[in-house]
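A short write-up of the structure that comes next.
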Amino acid sequence: MSKVVVITSGKGGVGKTTTSANIATGIAQQGKKTVAIDFDVGLRNLDLVMGCERRVVYDFVNVIRNEAKLQQALIRDKRVENLYILPASQTRDKDALDPEGVGRIIEELKQMGFEYIICDSPAGIEKGAQMAMYFADEAIVVTNPEVSSVRDSDRVLGLLAAKTSRAELGGPAIRTHLLLTRYSPLMVKRGEMLSVGDVLELLGIPLLGVIPESKAVLQSSNKGSPAILDETTDVAQAYLDVVFRYLGQERQHRFIEEEKRSIFGRLFG
Amino acid sequence: MSSPPAVALPLSGAAASGSEASARTSRRQAFDLKGTMASLTVLRLRSTDLALVERQLRVKIAQLPHLFLDAPVLVDLGALGDDAAALAFGELVRALRSCKLVPIAVANVPDGLRGPVTDAGLGVWQPPALGRARGAGDAEPADAASTGPLSAQTGATETPATETPATETPGPEVLRAGASAPAGPSAGAPSVRAPHAGPMVINKPVRGGQIVYAKNNDLVVLAPVNSGAQVIADGHVHIYAPLRGRAVAGAQGLAGARIFCQKLEAELVAISGAYIMAEEIPAQFHGRAVQIFLEGGECRIAAL
Ligand SMILES: Nc1ncnc2c1ncn2[C@@H]1O[C@H](COP(=O)(O)OP(=O)(O)OP(=O)(O)O)[C@@H](O)[C@H]1O
Ligand SMILES: [Mg+2]
């Protein structure tokens, strides 16, 4: 059984691509055949963060336009077995992705035995973001602890409930998960950021995890090696927790308060 | 799953249940022609000063964007009388589209404007359908030509077409056609009071950008109405959760309609056209369980 998971947010720059790279890597490390698709046409980010930009020959749009076979465009990760990347193209044509083409490729990936198809959405709530979510079975909504990000996430949750294949065909609702990223307990304490509790109250969806604000993220994306691969960092631990939780294991929530093992951890664990 | 219904405009309903579809469904048929029209906003022009029209429209749209953005609109020229002939129709269409409205047809088109109307790709609305929509039969009242057949229930206060619009005078009037009009042979009294319909019940959060409209009905929401969302009912609105977005009760003019909510954090509350914006809500009601109702034509808030 394949699962199509969209990583989406509405607001830009909140950590979708970082999350896509880390979660795809983490799931693949657990032995599941996984592909991360970059839906951010025109920008090409995921391949950089995953360190395979030099190996891009064909891309998602080439495959949709039948200029290349899917196998030619898929990049196999050099570090992690079972991990593949389908890069975005640098074409300026925002309409390059159409539902038929995307649907055909997702179907083909399922036929190839991919268990997890991770869709890295572009920012916004327009066509590009809607394409990325259209075929999703599940959604990880990436949110930063600030009002504008929460509002955008709320809008995206509305779209997930209305503008997706499942919604249109009357299928079961897309399962949604909240991932709070760039979280800084210190700033929450100072009242400069919304708390986990605030965000949960506003969005009302289950918490998948909290990723702390950390310099390790920038360093690892500069290296082209997802943070999750260096288990010594907070971020890696946080993303590992998220992966295990996502795959069904119980993990207490961490990184919510300055000291570890927090009350919130037990509340939402 | 019970996602909110497709966006339906409350300012709605030239519900012309015209001739039953002449095309009976047969296996081979590629489509049905239905003589019904779901819901439609009628823009009844009262001025040919298009700058004024556009300016006032933008104000209206800014107040209730989700009701109007991308809404199909029927333009009624009936109230313009002889002035209609002088209307720069192409300009009007451009103005409407720049306001993100979608003009689809025009009613009460003087002969001289038929060309511009069809050139602009709009339909010419046929009077018989309007007559039915009003429930007045096919025969128009003698004075219909001056006010147009699409009178709303607020028609009594209409100003003459020739009046120069002062700042106070509404330019374009967005009508709620069909509000009081029987939608067909079965329609009787306003169905807000229909005993068996039961209220519309929503049990999932209403998210930013979503609109829920309980037409001719009460609305019960059992989950938060979030910032940027809108819940609208022709009857009462009950929200057993925080109201962070906008709520509109009595959307078609029912003055007795009320809004009840468990936790008031609203961006706007409106009843029958009167409204209160977030910043006008007295601090003592913030976060409180309240009801909102009309008193002397204005919205009042009271703790529950
Ligand atoms: N947990 C974190 N701590 C610190 N910095 C972070 C964290 N997560 C992401 N960032 C940084 O935020 C920036 C945006 O991240 P990313 O590209 O993943 O966001 P995005 O949502 O994909 O953006 P876009 O909307 O442009 O696609 C990057 O510079 C990244 O290094
Ligand atoms: Mg990105």
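Exposure proxy ranking for B:PHE285, A:PHE114, based on other Cβ atoms within 10 angstrom of each Cβ and starting from the fewest, stands as B:PHE285, A:PHE114. Translational diffusion coefficient of the range A:1-60 (Stokes-Einstein, Kirkwood radius from Cα pairs, 4 °C, 1.567 mPa s): 103 µm²/s.
How big, in percent, is the set of alpha carbon pairs in the range B:87-127 lying more than 15 Å apart? Present the calculation step by step, with values, prior to reporting the outcome.
Values: 275 of 820 pairs.
Every Cα pair in the range B:87-127 considered, those over 15 Å come to 34 percent.
The simple spin-label model puts a point 7 Å past each Cα toward its Cβ; for B:GLU280 and B:ALA223 those points are separated by 3.1 nm. What the Cα convex hull of the range A:63-176 gives, in volume per residue, is 134 Å³.
Highest-first packing order for the peptide set B:243-255, A:165-177, A:127-139 is B:243-255, A:127-139, A:165-177, based on the mean count of other beta carbon atoms within 10 Å. Pairs over the 28 Å Cα-Cα cut-off, from the set A:LYS11/A:LYS223; A:LYS16/B:LYS204; A:LYS16/B:LYS60; A:LYS3/B:LYS215: A:LYS16/B:LYS60; A:LYS3/B:LYS215.
Give the relative contact order (percent, whole number) for the range A:1-106; include only Cα pairs under 8 Å separated by 6+ residues. Present the calculation step by step, with values, prior to reporting the outcome.
Working: 149 pairs, mean separation 31.3, N = 106.
The value is 30 percent.
Near B:ALA107, once Lys and Arg are set to +1 and Asp and Glu to -1 for all other residues with Cβ below 10 Å from its Cβ, the sum equals 0. Summing charges over all other residues whose Cβ lies under 15 Å from the Cβ of A:LYS69, with Lys and Arg as +1 and Asp and Glu as -1, gives -1. Over the range A:44-128, Cα pairs under 8 Å with separation of 6+ residues give a relative contact order of 26 percent. Taking the DSSP bridge list for chain A and keeping only pairs wholly inside it, about 5 percent are antiparallel. Each Cα pair under 8 Å and six or more residues apart adds its separation to the average, and for chain A the resulting relative contact order is 23 percent.
Placing R0 at 25 angstrom, the Cβ-Cβ distance between A:ALA216 and A:VAL57 gives a FRET efficiency of 0.25 after rounding to 0.05.
Rounded if a/c is under 1.5, else prolate if a/b is larger than b/c, else oblate: which is the range A:1-120, with a ≥ b ≥ c the root eigenvalues of its Cα gyration tensor? Judged from the Cα gyration tensor, the range A:1-120 comes out rounded (a/c under 1.5). Per-residue mean of foreign Cβ neighbours for B:205-215 is 5 (Cβ atoms of other chains, 10 Å radius).
If N is the number of residues in chain A, what value comes out of its Cα radius of gyration divided by 2.2 N^0.38 Å? Each step should come with its number before you reach the end.
Working: Rg = 17.5 Å, N = 269, 2.2 N^0.38 = 18.4 Å.
The reported ratio for this selection is 0.95.
Averaged over the residues of peptide B:226-235, the number of Cβ atoms from other protein chains lying within 10 Å of each residue's Cβ is 2.
How big is the C-alpha Rg of the range B:225-304 next to the rule-of-thumb value 2.2 N^0.38 Å, as a ratio? Intermediate values should be presented prior to the final figure.
Values: Rg = 10.8 Å, N = 80, 2.2 N^0.38 = 11.6 Å.
Ratio of Rg to 2.2 N^0.38 Å for the range B:225-304: 0.93.
A simple charge model with +1 on the Cβ of Lys and Arg, -1 on the Cβ of Asp and Glu and nothing else charged puts the dipole of the range A:1-154 at about 440 debye relative to its Cα centre.
FYI, it's all coordinate maths here, none of it is from the lab. Just so it is clear, the structure is predicted and the values come from calculations on it, not from any experiment. In this analysis, Cβ positions are derived from the backbone assuming ideal geometry, glycine residues included, and neighbour counts consider all displayed protein chains.
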